[in-house]
Amino acid sequence: MTRRARYEAQQRKRSLMIAATSTLAVVACIVIFVPMTPGWEKVQRSFFNGAVLADTFPKLLDAFKINLMIFSWSAPAIAILGLLIALARDAKSPALFPLRIFGATFTDVFRGVPVILTVYLIGFGIPGLGLPRPWNSPYIWGSLALILTYSAYVAEIFRSGIDSVHQSQRSAALSLGLSERQVMRDVVLPQAIRNVVPSQMNMLIALQKDVSLLSFIGPVEIFRQAGVFKSLTANFTPYVGAAIIFLIVTIPATRYADYLMAKQMRDRS
Amino acid sequence: MAKLSLRGVVKQFGANTVCDGIDLDVDEGEMVCLIGASGAGKSTLLRCINLLEAVEDGEIFLDGEDIAEPGLNPQAVRARIGMVFQSFNLFPHMTALENAMLAPRRVHGRSKADLVDEVEDLFKRFGLADRMQNYPDQLSGGQQQRVAIIRALAMRPEVMLFDEITSALDPQLVGEVLDVLLMLKQQGMTMVLATHEMGFARHAADKVCFLKDGKIIEEGPPEALFDAPEREETKAFLARALK
Ligand SMILES: Nc1ncnc2c1ncn2[C@@H]1O[C@H](COP(=O)(O)OP(=O)(O)O)[C@@H](O)[C@H]1O
Ligand SMILES: [Mg+2]
């Protein structure tokens, strides 16, 4: 072992000791002091009730399948619509000017309104037209609300990806005789999409959580199901169960997105 | 008739006149080198010839046809003129072979099967037969620049423009790229180069043009321009460049 390696090993050991000690101290404080608070017993009974959790958890998982289902058809629709909006906003030909205006208005409106409000307006408003079954289903219109809102954000991310492709790539492609459209499709978009994968991952994670907003217009997905159990058991633990299920999905997904982001930073430098 | 003729070409960026009335004739099979300090307007002039920049005024004749005509569709012209850039600009998401096949497929509508022999032949000729399936980031700078040349050649251009294509390379890789230019000259390619490689310009060029502030202020065969420059500005530039 070299002198330097010895020194660094010693330093590492020291940092590890300090980290472990301080973590232990914080955990000990929580374990000792939180149960000493006057309301702890009550909170424990109504939020962290083991029996209720064991009872309701499998059914919450069942309800979570509805979230996954809504997510699974919304996400591809968002990707496609988002890309189309991004392209519409960057359209250069004067004949497509109306598309640019439409794209700009679309992103302004759907980014400017809270998701829950869009879900309410579309989810209650459109079935209110008296459409026949199955066209009055809240699944359809609720999903549409999510699709419209998320497409607006996703479109902006695609646009930033398009901007991130260096001008010299366009010059090179044009110099070969490719048309603007071919340059976009064959050269710019493939690179742009690759550049924004990590950011779009974060949008997917946000969407996964926002699917729960549809509970307000009908579908009994996990959040709504937890609410039903809360009423039945007079206990808040089902909400904690729902939160646990979300975390099981979102923590690995978030970690993965962070990993992709860090990898991209490394590759660029 | 010259293959390529420029008459009074003017290019402005806002109030900045970058090409200020350029006249230039390039004959079929000729190699013309543009030299001059950084900022003289060499890159801009090449980009104007390829219609990557729209000129303000003047004419550019390719086989006698004015390609600087405002409103003319530039794609057909660019398909006839190849360009290679200082920074290679290969498409990073495609292999070397895909880079070279993209434009002939899209612009000439040719199939992969129809193209592949011809393009592979180019790779072989320029010593890159074993690199066709590599992505750009797996290639050295010299190899990338040779792939960029192959990519332009795959379009079977009539004229090739080279913008300081060795300036971004490590010194030991410059030679392999300059050798490619000599091969092209032997095959009779018409070429316009912006270059800082004075030694190369001197022994390979048919004509050398010295640019300053957007004007060609002196031109002639390399021996005359390098050994007996007439203008003071040319002398001063060469004294600095050859030091
Ligand atoms: N796209 C552009 N917009 C504005 N100015 C430009 C642009 N491209 C080049 N210029 C200006 O034109 C001048 C000539 O540049 P350039 O043609 O790159 O010279 P060279 O290749 O001889 O170094 C410089 O002053 C540069 O700042
Ligand atoms: Mg330049």
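One table, with the values for the structure above:
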quantity	calculated
Which numbered condition residue B:48 fails, given (1) open to solvent by less than 10 Å² (accessible area, probe 1.4 Å); (2) within 16 Å of ligand 2 (Cβ to nearest atom); (3) closer than 18 Å to residue B:217 by Cα	(3)
Answer from A:252, A:198 - the residue that is surrounded by 16 or more Cβ atoms within 10 Å (Cβ to Cβ) and in a helix (DSSP H, G or I)	A:198
Within region B:115-169, tally of residues that are within 14 Å of chain A (Cβ to nearest Cβ), in a loop (DSSP other than H, G, I, E, B) and away from ligand 1 (no atom under 16 Å from the Cβ)	6
Answer from B:178, B:193, B:173, B:184 - the residue that is in a helix (DSSP H, G or I) and in contact with an Asp or Glu (Cβ under 9 Å, 6 or more places away or on another chain)	B:178
Count of region B:141-180 residues which are open to solvent by less than 40 Å² (accessible area, probe 1.4 Å), more than 16 Å from ligand 2 (Cβ to nearest atom) and without any contact (Cβ under 8 Å) to a residue 60 or more places away in the chain	14
Leading residue by the ranking (farthest from the other protein chains (Cβ to nearest Cβ)) among those in region B:20-47 that are touching a Cys at 6+ places or on another chain (Cβ under 9 Å) and of a type in the set (Gly, Ala, Ser)	B:36
Cβ-Cβ under 9 Å pairs, at least 6 apart or on other chains, region B:11-33 side under 19 Å from residue B:219 (Cβ atoms) and open to solvent by 50 Å² or more (accessible area, probe 1.4 Å), far side among the acidic types (Asp, Glu) and assigned to a loop (DSSP other than H, G, I, E, B)	B:20/B:213; B:27/B:206; B:28/B:158
Any chance residue A:89 is modelled with pLDDT under 95 and within 30 Å of residue A:181 (Cβ to Cβ)	yes
Pairs where the first residue, in region A:94-108, is within 10 Å of residue A:152 (Cβ to Cβ) and touching a residue at least 12 places away in the same chain (Cβ under 8 Å) and the second is open to solvent by less than 70 Å² (accessible area, probe 1.4 Å) and of a type in the set (Asp, Glu), C-beta under 8 Å, 6+ apart	A:107/A:156
Number of the exception - residue A:244 against (1) assigned to a helix (DSSP H, G or I); (2) open to solvent by less than 50 Å² (accessible area, probe 1.4 Å)	(2)
Filtered residue count, region B:188-201, keeping only those that are modelled with pLDDT of 95 or more and either at positive phi or open to solvent by 40 Å² or more (accessible area, probe 1.4 Å) (or both)	1
Residue that is farthest from residue B:76 (Cα to Cα) [pool: residues in region B:157-179 that are charged (D, E, K, R) and in contact with a helix residue (DSSP H, G or I) (Cβ under 8 Å, 6 or more places away or on another chain)]	B:170
Matching residues, region A:5-56, being without any contact (Cβ under 8 Å) to a residue 12 or more places away in the chain, open to solvent by 90 Å² or more (accessible area, probe 1.4 Å) and of a type in the set (Asp, Glu)	A:41
Verdict on residue A:233 being open to solvent by 10 Å² or more (accessible area, probe 1.4 Å), away from every other protein chain (no Cβ under 14 Å) and farther than 30 Å from residue B:107 by Cβ	yes
In region B:53-73, residue nearest to the chain's Cα centre (by Cα) [restricted to those that are more than 13 Å from ligand 2 (Cβ to nearest atom) and under 18 Å from residue A:173 (Cβ atoms)]	B:54
Residue list for region B:202-223, filter: touching a residue at least 40 places away in the same chain (Cβ under 8 Å) and surrounded by fewer than 16 Cβ atoms within 10 Å (Cβ to Cβ)	B:206, B:213
Residue count for region B:54-70, restricted to those that are within 14 Å of chain A (Cβ to nearest Cβ) and crowded, with 18+ Cβ neighbours inside 10 Å	2
Test: residue in region B:202-218 that is within 14 Å of another protein chain (Cβ to nearest Cβ), outside any helix (DSSP H, G or I) and either within 16 Å of ligand 2 (Cβ to nearest atom) or among the aromatic types (Phe, Trp, Tyr) (or both)	no
Listing of helices (runs of 4 or more DSSP H) fully contained in region A:91-182 that carry 2 or more residues being surrounded by fewer than 17 Cβ atoms within 10 Å (Cβ to Cβ) and away from chain B (no Cβ under 14 Å)	A:97-112, A:115-125, A:138-164
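Residues are listed down the side, and each one gets a yes or a no for (1) within 16 Å of ligand 1 (Cβ to nearest atom); (2) among the polar types (S, T, N, Q); (3) closer than 24 Å to residue B:240 by Cα:
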| site | (1), (2), (3) |
| --- | --- |
| B:182 | no, no, no |
| B:194 | yes, no, yes |
| B:197 | yes, no, yes |
| B:202 | no, no, yes |
| B:205 | no, no, yes |
| B:209 | yes, no, yes |
| B:215 | yes, no, yes |
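The values are calculated or read from the model by the stated rules, or taken from the named source; none is laboratory data. Every value quoted in this text rests on a predicted model; they were computed, and no experiment measured them. Ideal geometry is used to build each Cβ from the backbone, glycine not excepted, and the neighbour counts take in all protein chains shown. The area values use the complete protein model at the heavy-atom level, side chains included, leaving out ligands, DNA and RNA. Shrake-Rupley method; radii C 1.70, N 1.55, O 1.52, S 1.80 Å.
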